[in-house]
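K.L.:
Please see the structure below; I have some questions.
The values are calculated or read from the model by the stated rules, or taken from the named source; none is laboratory data. In this text, all values refer to a predicted model and were calculated from it rather than measured experimentally. With ideal geometry, Cβ positions are generated from the backbone for all residues, glycine too; neighbour counts draw on all protein chains shown. Only protein heavy atoms, including side chains, enter the accessible area calculation; ligands, DNA and RNA are left aside. Shrake-Rupley method; radii C 1.70, N 1.55, O 1.52, S 1.80 Å.
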Amino acid sequence: MINKTEITGIILAGGKSSRMGSDKGFLLLKNIPFVQYSINALKPLVSEIIIVSDSKDYDVFKLKRINDITKDAGPVAGICSGLEASKTEYNLILSCDIPLITSTVLQKLIQAIDDTSEIIQAESGGKSMPLIGLYKRGIKDRFKNFLEQDERRLRVAIKACKYKNVILNEIHQNSTLNVNTKEEFKQIEDAYNG
């Protein structure tokens, strides 16, 4: 089993949140900001947590915060930035908009580590979740190449790596819900209260 000293947690909080209209990391669920749920899920499993965001507002969490290396280039840039800043081979990467995420789900990704996979991502309800994933630091140069070619689609970058999916049981499906719209926020609140 990989020791937590070999794993860094990286939270992507640099998105524009155009559909939500406000910074998703600071949306409140039970008076707790979304990003704090990601921090709580990562904390028992990693040696350090890095927040990738150009917003100084995130400094309130007293964690290492780094800026995106390429502005407005989406998760490919965020992941690349986080991996550049990481000191460990393994990196648990989460977006800041999955407030029901649990350490149990992330533990399943760690348990799936093998000799060949460079990316291990959660799969829930038949859908890959690359922003609930375990990434090896070595892929950062491939991601950087995509950015240099102005290729910003995460699925294209992932397909260039050796990846596998960890299929989550139905009991974990709520923990992977992410929020992009006010309707999805309502769904999260209902799931949390349910």
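K.L.:
List the pairs whose first member sits in region 129-158 and is assigned to a helix (DSSP H, G or I), whose second member is hydrophobic (A, V, I, L, M, F, W, C) and open to solvent by 80 Å² or more (accessible area, probe 1.4 Å), and whose Cβ atoms are under 9 Å apart, counting only residues at least 6 apart or on separate chains?
P.N.:
Hits for this filter: Lys144/Ile69; Leu147/Ile69.
K.L.:
Only one residue in Val35, Val60, Val46, Val105 is in contact with a Lys or Arg (Cβ under 8 Å, 6 or more places away or on another chain) and either buried (at least 24 other Cβ atoms within 10 Å of the Cβ) or modelled with pLDDT of 95 or more (or both). Which one? Before the answer, list the steps.
P.N.:
Numbers: Val35 fails: in contact with a Lys or Arg (Cβ under 8 Å, 6 or more places away or on another chain); Val60 fails: in contact with a Lys or Arg (Cβ under 8 Å, 6 or more places away or on another chain); Val105 fails: in contact with a Lys or Arg (Cβ under 8 Å, 6 or more places away or on another chain).
Exactly one residue qualifies, and that residue is Val46.
K.L.:
With the structure loaded, tell me whether Leu83 is closer than 20 Å to Ser47 by Cα, touching a Phe, Trp or Tyr at 6+ places or on another chain (Cβ under 7 Å) and either among the acidic types (Asp, Glu) or modelled with pLDDT of 95 or more (or both) or whether it fails that test. So that I can check it myself, show each step before the final result.
P.N.:
Working: closer than 20 Å to Ser47 by Cα: yes; touching a Phe, Trp or Tyr at 6+ places or on another chain (Cβ under 7 Å): yes; either among the acidic types (Asp, Glu) or modelled with pLDDT of 95 or more (or both): yes.
Considered against the rule, which asks whether it is closer than 20 Å to Ser47 by Cα, touching a Phe, Trp or Tyr at 6+ places or on another chain (Cβ under 7 Å) and either among the acidic types (Asp, Glu) or modelled with pLDDT of 95 or more (or both), Leu83 comes out as yes.
K.L.:
Which condition does Ser124 not pass, out of (1) over 24 Å from Glu84 (Cβ atoms); (2) in contact with a strand residue (DSSP E or B) (Cβ under 7 Å, 6 or more places away or on another chain), if it passes all the others?
P.N.:
In the conditions (1) over 24 Å from Glu84 (Cβ atoms); (2) in contact with a strand residue (DSSP E or B) (Cβ under 7 Å, 6 or more places away or on another chain), Ser124 misses (2) alone.
K.L.:
Please list, ordered by first then second residue, the pairs with beta carbon atoms under 6 Å, 6 or more apart or interchain, first in region 46-65 and farther than 19 Å from Leu131 by Cα, second basic (Lys, Arg) and in a helix (DSSP H, G or I).
P.N.:
Going by the 6 Å Cβ cut-off, the qualifying pairs are Ser47/Lys4.
K.L.:
Right, another one. Restricted to region 131-149, and to residues that are open to solvent by less than 30 Å² (accessible area, probe 1.4 Å) and within 16 Å of the chain's Cα centre (by Cα), which residue is farthest from Lys87 (Cα to Cα)? Steps first, answer last, please.
P.N.:
Just the residues of region 131-149 that are open to solvent by less than 30 Å² (accessible area, probe 1.4 Å), to begin with: 132-135, 139, 143, 147.
Retained after the next criterion (residues that are within 16 Å of the chain's Cα centre (by Cα)): 132-135, 139, 143.
Values: Ile132: 20, Gly133: 17, Leu134: 14, Tyr135: 13, Ile139: 14, Phe143: 17 Å.
Residue satisfying both the conditions and the ranking: Ile132.
K.L.:
Can you tell which of Leu100, Leu12, Leu29 is at pLDDT 95 or above and either buried (at least 17 other Cβ atoms within 10 Å of the Cβ) or farther than 22 Å from Glu184 by Cβ (or both)?
P.N.:
Being at pLDDT 95 or above and either buried (at least 17 other Cβ atoms within 10 Å of the Cβ) or farther than 22 Å from Glu184 by Cβ (or both) holds for just one of Leu100, Leu12, Leu29, which is Leu12.
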